[in-house]
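Worksheet for the structure shown next.
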Amino acid sequence: MLTFTIRRLLMAIPTLLFISLVIFLILELAPGDPLADMPLTIPPEVREKIRLSLGLGQPVHVRYGLWLYNLFVTEPLYWFDAMFHTSYADGAQRIISFQTRGPVFDTIAERVPQTLLVVGMGYLVGTLISLPIGIISAYKQYSWFDQLGTFISMVGFSVPTFVTGVFLIIVFSVLMPTDSMFWLPSIYDTTLEVTDWASFVKQFKQMAMPVFVLALYQAAQVSRYMRASMLDNLSQDYVRTARAKGLSERVVLLKHVLRNSLIPVVTVIALGVPSVFTGAIITENVFKVNGLGQQLLLSIQGNDAPMVLTISFIFAILIVLFNLIADVLYGILDPRIRYD
């Protein structure tokens, strides 16, 4: 297993470099100008100086090389200096955002906590409720529980998150009286600090709708995979053999069937984890959550190539990493799978 992991990590290096190059070239060829939002009264010579100060006057390969150097050398040195109070990165140029004119990773660090709190909670809740729903739906196939679960899953998976979000806002923020205990705020307050019970209730209420929207979508997807995998394993010979040996249904279901059924589901769950770190673009914008998903959309609209490139590359790293984690979990869940 260790040899397989090291080999996969080494293979990930050229893969990620190729991905970063593709993203960089796509952003380079995309129409738009990062200076388009600046006043037209700015003289052309001043506009050109601003362009040069942003590094846009350099050749493409030079800018790509500088971005790689700053990402893998300069930024880690800044983190090292911040942790151990050294000065190795003094004077070094960091990755600068075209919009904020500040370091890209400072903006990312500001928005990550909101994304992890809202999107992470939605992902966790959706995953936790989807697994038992899928298990029970498969074991009691065609029952009322299975029919209800299938209907909710189809609705959650088919209806876009922005439709679900707007519908909840209309019901709980517009139609619901503001003095009702069921009234929920439609705009997420990122400045709220939880210091007492009242602030905790406010935090819970403003998280309720975005977490529900994300949890519904996640649960709809994973529960269908869980149900299909369970049904496939329930008809296998080893299940009949286990029952013939006199094992209880609980042991057969949880120890034998569930373990084998989790193998394909692990892929779905693991590959969805990167979205927790990069944010849910649509949902964050619907509820005005000041997270990475909203920042990515704003950066795309503002032609902020360094921010878009960095966030997209972080997303690529997380996908490759959790793909590897899913493969390792295969070997833990199924002893028949060996990589070495």
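The values are calculated or read from the model by the stated rules, or taken from the named source; none is laboratory data. Owing to the predicted nature of the structure, the values given are computational and were not obtained by experimental measurement. Cβ coordinates were reconstructed from backbone atoms using ideal geometry, including for glycine residues, and neighbour counts include every protein chain displayed.
Descriptive notes on the structure:
- Qualifying positions in the stretch 297-314 - within 12 Å of the chain's Cα centre (by Cα) and either farther than 23 Å from Pro31 by Cβ or aliphatic (A, V, I, L, M) (or both): Ile311, Ile314
- Among the residues of the stretch 113-126, those identified as surrounded by fewer than 21 Cβ atoms within 10 Å (Cβ to Cβ) and either closer than 20 Å to Leu271 by Cβ or at pLDDT 90 or above (or both) are Leu116, Gly120, Met121, Leu124, Val125.
- Unique residue being closer than 18 Å to Tyr123 by Cα, of a type in the set (A, V, I, L, M, F, W, C) and out of contact with any Lys or Arg (no Cβ under 7 Å at 6 or more places or on another chain) when the list is Val266, Val239, Val257: Val266
- Residue list for the stretch 90-112, filter: of a type in the set (Ser, Thr, Tyr) and surrounded by fewer than 19 Cβ atoms within 10 Å (Cβ to Cβ): Thr100
- Inspection of the stretch 94-109 identifies no residue that is more than 26 Å from Ser275 (Cα to Cα) and at pLDDT 90 or above.
- Residue match in the stretch 155-169 (condition: closer than 14 Å to Phe287 by Cβ, part of a helix (DSSP H, G or I), within 30 Å of the chain's Cα centre (by Cα) and hydroxyl-bearing (Ser, Thr, Tyr)): yes
- Tabulated pairs, the stretch 203-230, first within 13 Å of Glu284 (Cα to Cα), second among the acidic types (Asp, Glu) and surrounded by fewer than 21 Cβ atoms within 10 Å (Cβ to Cβ), C-beta under 7 angstrom, 6+ apart or interchain: Gln206/Asp189
- Filtering the stretch 286-311 to residues that are in contact (Cβ under 8 Å) with a residue 60 or more places away in the chain, surrounded by fewer than 21 Cβ atoms within 10 Å (Cβ to Cβ) and out of contact with any Lys or Arg (no Cβ under 8 Å at 6 or more places or on another chain) leaves Lys288, Leu298, Gly302, Asn303.
- A single entry from Thr74, Thr127, Thr107, Thr115 fulfils the requirement of being under 25 Å from the mean Cα position of the chain (by Cα) and more than 21 Å from Thr190 (Cα to Cα): Thr127.
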